[in-house]
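Asks: Got a structure here, written out as structure tokens. Questions coming.
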Number of protein chains: 2
Amino acid sequence: MKAEILATGDEIRSGALVDSNSAFIAERLEAYGVEVVRHTSVGDDLENLTAALVEIGGRADVAVVTGGLGPTVDDRSAEAAARAAGVELEFNETAWKTVESFFKTFHRRMTPSNRKQAQLPDGCSVLDNPVGTAPGFAMTIGRCRFFFMPGVPYEMKRMLDGQVIPELIRLQGDAAMHSRVETITTFGLPESQVGEIMAGVEEAFPGLTLGLRSNFPQIQVKLYGRGPDSTQLAKRLDEAVRWAAVRLGTAVISEHGESMQAAVGRLLIEKEATLAVAESCTGGLIADWLTNVAGSSNYFLFSGVTYSNRAKIDVLGVSPETIDRYGAVSEQTAREMAEGARRVAGATYGLATSGIAGPDGGTDEKPVGTVCVGFAGPDGARSRRLNFSFGKRLMNKKIFAMAALDLLRKEIK
Amino acid sequence: MKAEILATGDEIRSGALVDSNSAFIAERLEAYGVEVVRHTSVGDDLENLTAALVEIGGRADVAVVTGGLGPTVDDRSAEAAARAAGVELEFNETAWKTVESFFKTFHRRMTPSNRKQAQLPDGCSVLDNPVGTAPGFAMTIGRCRFFFMPGVPYEMKRMLDGQVIPELIRLQGDAAMHSRVETITTFGLPESQVGEIMAGVEEAFPGLTLGLRSNFPQIQVKLYGRGPDSTQLAKRLDEAVRWAAVRLGTAVISEHGESMQAAVGRLLIEKEATLAVAESCTGGLIADWLTNVAGSSNYFLFSGVTYSNRAKIDVLGVSPETIDRYGAVSEQTAREMAEGARRVAGATYGLATSGIAGPDGGTDEKPVGTVCVGFAGPDGARSRRLNFSFGKRLMNKKIFAMAALDLLRKEIK
């Protein structure tokens, strides 16, 4: 069953609003075995909207439309749908009751314009909106079954899961296919190299499709599969994941889509260990990432974001001589920062970064993109100097932070 | 001049990735007087991709395409473009030189697959990519001038502003209108309220259009203007910005689109002041935001991300009695954290957060969404307790961090 998604509204068309509804709907549909072929966005212009509906009606089996169901003059989805199907708009009693009951439930004052929301294409079936004023509706245009929903995300999501998905599953009947996606998270290889390594997967596992998603500086390898038997499908995907993991080697952070910070957190919990961080060039990004993981307070104790040398000396106990002799950006300083963070917080491990994120501060000997990563553990401390060349400050911060966490991950593994 | 935007890639088609590129491009094009009529997204399937290009080539005057220019097997934009135009792919020397020079500049290792990125449609003109490996290209398909760009946002943005927009302005010829957008950054009012406050602006300033962009938890108010006389246009927009600023009051962070962290940084530089932070629930996010601003080392000295009570006590000198009596999440602890950070780093100001980001850790008295913000300055210290109800951990971290910076901004103003 081939599906298309249509997002309507001048805010989306003009770029004032990023359309996140379509991605949400696509992911849901794919998860239920409905293949999403295309997304389209048009504005509130009646001609363009009608034309898009007619085109989709000639191409797709099912279509999900968001937006344009409100009470205002620029909400024209119902009118366009009627035109596209060649039917009239009529006052829909069922829709009107749902509008009325919403206003009753939430003690809101109705305006005459709300009556417009009950003007729906002749013969459509109404989709309840328990959390908003705009009822949705389903109807056939051309060869395609359309589901019209509000653009307000939480109203849309409720209607999608409550009424559209069950109807889609019914439409699929016995032909319902199971669909599954596995994600492998990697760090350390450029996307092109990951692509080369993975190139053979579609031949090795016919029917699976490969997708690479660069979530800088991590690269996600996605394997999409579809089949009538969910157990078989899961088995085939697991084999494909193992096939990939062997070839991607130490670049693999997780075979289950885990982020670096989640993987590091899991490792620390397994080791019953705690972590303290000292950040200069990463400016708190490592701590922010780590604390985005719920439950991180079980292993993350402290990060000293020591931008000034004084803070490095006073808070972390880095020796002024070390900074004088080797500089703040040096393996020696990074090592002392890691030791200091570990000592101050009484943590099992200490991790530190000192580098030059740019745009300024680079030298011939230590150009922008230079980072020194320090590690301290029960068996002592060490540090490494790395060089990255992404130019941009924010990218450097991210790759510095990720490289540090990757070093930690490999050290404690 | 009517434009369409095409985003390609299975990640977008399948909903694994939200397409933010198209909104960015639409906003830019509209701002330069190019009317965006439609957005389309298709996957990496060659047939669907080619079909979309042919359709757009028959409808639009110009089209901007993102994605599918990488070196991997699922990057198929060049091949589809050649098919749609009925030309061959050829090895493009100009493109190859830009790929080579990128790898030289950034000392990266080339892989054989990178040669694929120089296989472009016969007769296209190359668009330089100074910050990535994938060159873009421009060509005509049907009646439409197409611009193919990488999907990596910062590569796309650079190419759009550097090469596509100037070409579009050239294509518009003498019909080119001056176009200008002003952005006001706000924090503290819900989007609906900002919308109500701004509702009158289009009547008050005929010809200007209003756009709201929610960049949680900041809301950007955008004012778009277009006209033949750039001086007149600038004058009218400045008046509209003042009109808005008066009505939005203290919610205005910046009348020039500055982010909160940039605005705070500018204030600190103006006051020749320095800042130290102590973060519990925000977990380093405040420090990360502050240090995303180039030059922040001039005023940002230190952040102590003290997740554990021991770190609060040992690093920041918070008294154990305060934590025992009032709890780690309390106005008293937040105030002592701010004082401690200021003292430890020898900064002009200290800012601290202690709260419950969730999902766990909430109590009846201090539910998830509770944050205490501490402030310390030359005239002493104070703190405030705030409550937010966004449920989600990452949203709470963001609104906590933003609320703290907003308090700092108002204190030092």
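The values are calculated or read from the model by the stated rules, or taken from the named source; none is laboratory data. Since we're looking at a predicted model, the values are computed, not measured. Reconstructed Cβ throughout: ideal geometry from the backbone, glycine too, with neighbour counts over all protein chains shown. Quick note on the areas: whole protein, heavy atoms, side chains included, nothing else; ligands and nucleic acids left out. Shrake-Rupley method; radii C 1.70, N 1.55, O 1.52, S 1.80 Å.
Asks: Setting aside same-chain residues fewer than 8 positions from B:Lys222, which aspartates and glutamates have a Cα under 15 Å from its Cα?
Replies: A:Asp10, A:Glu11, B:Glu27, B:Glu30, B:Glu182, B:Glu191, B:Glu196, B:Glu202, B:Asp238, B:Glu239, B:Glu255, B:Glu258
Asks: Right, next: Which is farthest toward the positive dipole end of chain A among A:Val241, A:Leu69, A:Ala294, measuring Cα position about the Cα centre, with Cβ charges +1 (Lys, Arg) and -1 (Asp, Glu)?
Replies: A:Ala294
Asks: Over the stretch B:342-413, what lengths in whole Å, largest first, do the semi-axes of the equivalent ellipsoid take, defined as the square roots of 5 times the eigenvalues of the alpha-carbon gyration tensor?
Replies: Values: eigenvalues 124, 27, 21 Å².
The answer is 25, 12, 10 Å, longest axis first.
Asks: Please state the charge dipole magnitude for the protein assembly as shown, taken about the Cα centre, from unit charges on C-beta atoms (+1 on K and R, -1 on D and E), reported in debye and rounded to the nearest 20. Kindly include the intermediate steps, with their values, before the conclusion.
Replies: Details: 90 positive and 102 negative charges, 344 e Å.
Dipole magnitude for the protein assembly as shown comes out near 1660 debye.
Asks: How far is B:Asn298 from the same spot in each other copy, in nm, shortest first, if each label point sits 7 Å from Cα toward Cβ?
Replies: Once sorted, the set of distances for B:Asn298 reads 4.5 nm.
Asks: Measuring label to label, 7 Å along Cα→Cβ, what does B:Tyr326 give against each other copy in nm, shortest first?
Replies: Those label-point separations list as 4.1 nm.
Asks: Quick check on chain B: helices-only [θ] at 222 nm, where DSSP H runs of length 4 and up contribute -39,500 (n - 2.57) each and the sum goes over total residues. Nearest 500, please.
Replies: Value at 222 nm, helices only, nearest 500: -12000 deg cm²/dmol.
Asks: Sticking with this structure for a sec: Given +1 on the Cβ of Lys and Arg, -1 on the Cβ of Asp and Glu, and no further charges, what dipole in debye does the stretch B:167-230 carry about its Cα centre, rounded to the nearest 20?
Replies: Dipole size: approximately 180 debye.
Asks: Oh, and also: Can you work out ³J(HN,Hα) from phi for every residue in the stretch B:364-377, in order, using Karplus 6.51 cos²θ - 1.76 cosθ + 1.60 and θ = phi - 60°, giving whole Hz and x for Gly and Pro?
Replies: 4, 6, 10, x, 3, x, 7, 9, 10, 10, x, 9, 9, x
Asks: Which FRET efficiency value, to the nearest 0.05, is calculated for A:Ala204 and B:Ala294 with the Förster distance at 45 angstrom and r the Cβ-Cβ distance?
Replies: Computed FRET efficiency for A:Ala204 and B:Ala294: 0.45.
Asks: Normalising by the residue count of the stretch A:269-412, find the relative contact order in percent from Cα pairs under 8 Å and 6+ residues apart.
Replies: 24
Asks: Further question on the same structure: Would you please name the GluC sites (Glu not before Pro) within the stretch A:203-307 that are DSSP coil residues with at most 10 other C-beta atoms within 10 Å of their C-beta?
Replies: Answer in residue order: A:Glu272.
Asks: A further question follows. In whole Å, largest first, what are the principal axis extents of the Cα atoms in the stretch A:256-413?
Replies: That works out to 42, 32, 22 Å along the principal axes.
Asks: Could you work out how much longer the chain between A:Arg385 and A:Arg343 gets when fully extended? Use 0.36 nm per residue separation minus the Cα distance between them, nm to one decimal.
Replies: Here the answer is 12.9 nm.
Asks: Just to confirm the numbers: A:Gly346, label point 7 angstrom along the Cα-Cβ line, distances to the other copies in nm, shortest first?
Replies: In nanometres, ordered from closest: 2.9.
Asks: Oh, and also: How about the stretch A:265-330: which trypsin sites (Lys or Arg not before Pro) there are in a DSSP loop, with at most 13 other Cβ atoms within 10 Å of their Cβ?
Replies: Listed in order of number, the matching sites are A:Lys271.
Asks: Something else now. For the pair A:Ser20 and B:Leu394, how long in nm is the line joining their label points, each one 7 Å along Cα→Cβ?
Replies: Calculated label separation equals 0.9 nm.
Asks: Could I ask something else about it? For chain A, what's the relative contact order in percent, using C-alpha pairs closer than 8 Å and at least 6 residues apart?
Replies: 10
Asks: Also: Which length gain, in nm to one decimal place, applies between A:Arg266 and A:Glu47 when the Cα-Cα distance is subtracted from 0.36 nm times their residue separation?
Replies: Length gained between A:Arg266 and A:Glu47: 73.4 nm.
Asks: While we're looking at this one, here's another question. Heavy atoms only, probe 1.4 angstrom, no DNA, RNA or ligands counted: give me B:Met395, A:Met156 ranked by accessible area, highest first.
Replies: Details: B:Met395 60, A:Met156 0 Å².
My answer, sorted largest first, is B:Met395, A:Met156.
Asks: For B:Asp364 and B:Lys235, calculate 0.36 nm times their separation in residues minus their Cα-Cα distance, and state this gained length in nm to one decimal.
Replies: 41.1 nm
Asks: Follow-up. Using a 1.4 Å probe, how large is the accessible area of B:Val73, given in Å² and rounded to the nearest 10?
Replies: 70
Asks: Sticking with this structure for a sec: Provide B:Lys2, B:Lys397, A:Lys366 ordered by accessible surface of protein heavy atoms (probe 1.4 Å), highest first.
Replies: B:Lys2, A:Lys366, B:Lys397
Asks: Taking 7 Å along the Cα-to-C-beta vector as the label spot, tell me the B:Glu88-B:Tyr154 distance in nanometres, rounded to one decimal.
Replies: Label-label distance for B:Glu88 and B:Tyr154, simple model: 3.9 nm.
Asks: Pop the C-beta distance of B:Glu100 and A:Met110 into the FRET formula with R0 = 45 Å and round what comes out to the nearest 0.05.
Replies: 0.10
Asks: Here's another thing I want to ask about it. Along the charge dipole of the stretch A:269-412, which of A:Val318, A:Leu275, A:Ile399 sits closest to the positive end, that is, farthest toward it, with unit charges on the beta carbon of Lys, Arg, Asp and Glu (+1, +1, -1, -1)?
Replies: The listed residue farthest towards the positive side: A:Ile399.
Asks: I'd like to know how the protein assembly as shown sits against the 2.2 N^0.38 Å rule of thumb: what's its Cα Rg over that expected value?
Replies: Dividing the Cα radius of gyration by 2.2 N^0.38 Å gives 0.98.
Asks: Taking the simple approach of a point 7 Å from Cα along Cα-to-Cβ for both B:Ile169 and B:Glu191, what is their distance in nm?
Replies: Output for this residue pair reads 3.1 nm.
Asks: Heavy atoms of the protein only, probe of 1.4 Å, neighbouring chains included. What is the accessible area of A:Leu89 in Å², nearest 10?
Replies: Approximately 70 Å² of A:Leu89 is accessible to the 1.4 Å probe.
Asks: Still on this structure, I have one more. How much accessible surface does B:Ile323 have with a 1.4 Å probe, in Å² rounded to 10?
Replies: In the full protein context, B:Ile323 sits at about 20 Å².
Asks: Translational D (Stokes-Einstein, µm²/s) of the stretch B:2-175 at 25 °C and 0.890 mPa s when Rh comes from the Kirkwood sum over C-alpha pairs?
Replies: Estimated via Stokes-Einstein, D reaches 154 µm²/s.
Asks: Would you pull out the residues with amide H under 5 Å of B:Ser308's amide H, same chain only if 5 or more places away, H placed 1.01 Å from N?
Replies: none
Asks: Normalise the Debye intensity by I(0) for chain B, one equal point scatterer per Cα, no solvent, then take log10 at q = 0.08, 0.12, 0.13, 0.15 Å⁻¹ and round to two decimals.
Replies: Scattering profile of chain B, log10 relative to I(0): -0.59, -1.04, -1.10, -1.21.
Asks: Here's a follow-up. Suppose a student asked you for the relative contact order of the stretch A:203-256, using Cα pairs under 8 Å spaced at least 6 residues apart; what percent would you report?
Replies: Across the stretch A:203-256, relative contact order equals 25 percent.
Asks: Under 29 Å Cα to Cα from B:Lys366, which lysines show up? Leave out anything in the same chain fewer than 8 places away.
Replies: B:Lys312, B:Lys392, B:Lys397, B:Lys398, B:Lys410
Asks: Follow-up question, since we're still on this one. Summing both sides, how much accessible area is buried between A and B? Use a 1.4 Å probe and give Å² to the nearest 100.
Replies: The buried area between A and B, both sides summed, comes to about 5800 Å².
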